[in-house]
Amino acid sequence: MPPSLSNIETQLAFSLYESKGVYAALLGSGLSRAAGIPTGWEITLDLIRRVGLTQGVSNQGDWAEWYRKSVGVEPNYSTLLEELASSQEERRSILHSYIEPNAQDREESRKLPTAAHRAIADLIADGFIRVVITTNFDRLLENALRERGIEATIISSVDALAGAEPVAHSDCYILKLHGDYKDARLLNIDSELAKYPPQYDALLDRIFDEYGLIVCGWSGEWDHALRAAFLRAPNRRYPIYWAARGTLMPVAQELADHRRARVFAINSADDFFTKLRERVQTLSHSQRQNPNSIELLVGTAKRYLGKSEHRIQLHDLFEQELQSIRGLIDSDEFEANAPWAIETLRNRRDRYEAITEPVAQMIGVLGRWGDGSELSIVTDVLTNLHHDARKQASGLNHYLNIRLYPAVLVFAAYGLGLTRAERWQTLHQLFSLHISNEYRNPQRAIEVLFPHSWEGGARDIWNQFEPERKLKTPFSDYLVRLFADWGRSFTALTPDFELLFERFEILGAFAYLESSTKDALLNAAAAREFSWMPMGRSLWHERNAEKALADILKSPMKDELTKAGFANGDGDSLILYAQNFRSMAARLRWM
C-alpha cells in the first residue's frame, strides 16, 4: 500500500530503514493503557475508591473530588501509594493485580500484548530497533518478543545492569527504568523517581548521546530523573521523533523544545507503530528512493522545463533516470519463470513503484506545466519501458504482465498532469500514441498502457493484495491512493483529486471508443447494448462519474475536447460515448 502518513512520519520510516539500529524507543504508560493496564492516575482513583469503600463511604461520582474535600490536598499517585504501603514489597503487591491478567482478562484479550507491542517486536526482530527504554512495569513487550522467539536483555535493576552484556553487543536491550512488577525493587513514588542510581544515569547519558529516539506514550509528568537525563543530554547527532495523542503537556513540550524534537499527532500507539512497521517493511521490499532525492529531481525538472535553453539538460535528466530503471527491469530480480506466489508479485509491484516513482513524478510535472514540446521525451520513455517489458516472452503470465507496470505508471502520471492542466490536445495525443510491438501490429497507447486496458490490472489479482476489502475495481482504487501521494508535485491544490482521477479515466475510455464506428455505437444503443470500454472506479462511483460527464458534455469543455480530437472531432459522437458509458456502467455496476 502506498504511504499515507504525514511527512514527519514518512521521514521517520526512512530514518529507521536507512539508519538501521540507531534509534531507541522511549515508551511510557500510554502504550500499556491500550492493553487495559491502568495509568498511574487511574490506579490512584481506584485506590481512593477502595479506601473510601473500606471507610463506609458510598460510591462517589467523582472520587478525586471526594479525596480533595476529605484530605484537603490534590490526589497524588506517589503520595497515596506511600501512605498505603510503607515498603517496596507492599507496593509491588498492590500493583500486581492491576497488571497481571486473570482468566477473564485473557478471555477478553486484556492485559495482553497489543498491536503496538507486536509491531515494535517486529521492528526489533528485523533489527531496525535494538534499544527500548520504558517506564512501564509490565511485561507486554517481552511477551510479544517471545512470541517471535526473541529473548531480550532485560535491565530492571542495578544488579541486572551489572551482569548484563553491553548495550552495543545486544540485539535487543530493554531498560525498565522503574523496575518490573514481579520485582519488589519498584520505583513508583516521588522520592524514588527524583533520582536514579548513578549506573542508570550513565547508561541513559550514553543512549541519549549515541541513539536517536522515538518517544510514544510518555507524558514526562512524573519521571523527574528521566526528565533530568533528557535535559542534560548534550548531543543531537540523531533526531528525536515524539508521537503524541493531542497536544503535549507543558512539561513534555519543554523537553521537546529543548531537544528540538519533531512532534507529531497520532490516533493511537497501535495505529502509529503498525503503520510504521508496514512502511519500513515496504521500504525493505521496495528499496524506495528517499523522498528528499525525489523532491530534488522534481525540482530540477521544473527548473529545466521553465527555460527553453535548458531543453537539452531536461532531456539528459530523463535519459539518466530512464537508464537506471531499464537496467533494473532487465535484471534477474524480475525473472518471469520464478515460482508463483502472490507475495512475490506484491514485492515486484512495490519494487517497480520504487524504481519508477522519480521518473513518474517528473513526467507528471511535464504534463502539468509543459507546452507540448515535451511529448517527445514522454514518448521515448514509454517506448523504451514498453520495449524492455516485452523482452521476456516466456514465463508466468502475471510476472510477464507486471513487467509493464512502470510504463503504465508513467502513462498515468503524464495523463493526470495533462488532465489537471486541461491540456486536452496533448492528452488526446498521449492516448493516440502508437506503440510498436515486435510480435504484432502497432497498438494505440490507450489499448496497451492505459491502466484499465493493461492486462496486469486484473480484478482477481489485485483483490488478493488486500483480500479483506473485496473491491469492485481494486487496481483503480489503489492508483487513486498511490497518485494522491505521488501527485502532490504536479496536481497540488486540486480540490477533489478523486474527481480529477475519474475524469482522466472517463476521457481514456472515450478515446478507446474512437476505433469504433459511429454506426456501431448507434446500433448498440438501439439494441440496448453497449460497446466495451475500459473503466475503473468511475464504473461504480456514480456521483463523480455523472459530474465528470456533465462537464464533458457542456460547453466550453465539449467544444475544447472535440477540437482536440476526442470523438474524432464530432460532438454527436461524444454524446454517444457518454450514453455508451452510462449503459455499460448500469449493466456492470452491481456485478
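The numbers here are math on the coordinates, done by the rules we state, and not lab data. Keep in mind it's a predicted model, so treat the numbers as computed, not measured. Positions of Cβ are generated from backbone atoms using ideal geometry, with glycine treated the same way; all protein chains shown enter the neighbour counts.
Extension gain, Glu343-Ala103: 0.36 nm per intervening residue step, less the Cα-Cα distance, totals 82.6 nm.
Over all projection directions, the Cα-based convex hull of the range 495-591 averages an area of 5.9 nm².
Against the main long axis of the alpha-carbon atoms of the chain, helix 198-210 sits at an angle near 10°. Pairs with C-alpha atoms separated by more than 30 Å, drawn from the list Lys20/Lys307; Lys111/Lys470; Lys111/Lys275, are Lys20/Lys307; Lys111/Lys470.
Using just its DSSP H runs of length 4 or more, each adding -39500 (n - 2.57), the chain gives a mean residue ellipticity at 222 nm of -17500 deg cm²/dmol after division by all residues. Testing the spin-label approximation: label points 7 Å from Cα along Cα→Cβ at Leu296 and Leu588. State their distance in nm. Between Leu296 and Leu588, the label points sit 4.4 nm apart. Counting only alpha carbon atoms, the long axis of helix 7-18 and the longest principal axis of the chain meet at about 80°. On a 0 to 90° scale, report how tilted helix 88-99 is relative to the longest principal axis of the chain, with both axes built from alpha carbons and the result rounded to the nearest 10. Here the helix axis deviates by roughly 30 degrees. The modelled label-to-label distance between Asp559 and Asp159, using points 7 Å beyond Cα along the C-beta direction, is 9.0 nm. Here the Karplus relation 6.51 cos²θ - 1.76 cosθ + 1.60, evaluated at θ = phi - 60°, turns the backbone of the range 260-266 into coupling constants of 6, 5, 8, 8, 8, 8, 10 Hz, with x for every Gly and Pro.
Size descriptors for the chain (Cα atoms only): Rg and Dmax, in that order, 30.3, 95 Å. Stretching the chain fully between Ile8 and Leu84 yields a gain of 22.9 nm (0.36 nm per residue, less the alpha carbon separation).
For Gly212, the residues whose amide H sits under 5 Å from its own are Tyr23, Ala24, ignoring neighbours fewer than 5 places away on the same chain, with H placed 1.01 Å from N. Computing FRET efficiency as 1/(1 + (r/R0)^6) for Ser436 and Lys20, where r is the C-beta to C-beta distance and R0 is 45 Å, gives about 0.50.
So what is the relative contact order for the chain, in percent, with contacts set as C-alpha pairs under 8 Å and at least six apart? Rounded, it is 11 percent for the chain. As a rough footprinting exposure proxy, the listed residues Leu553, Leu276, Leu539 were ranked by other beta carbons within 10 Å of their own, and the order from fewest upward is Leu553, Leu539, Leu276.
With both labels modelled 7 Å from their Cα along Cα-to-Cβ, the Glu151 to Glu254 distance reads 4.3 nm.
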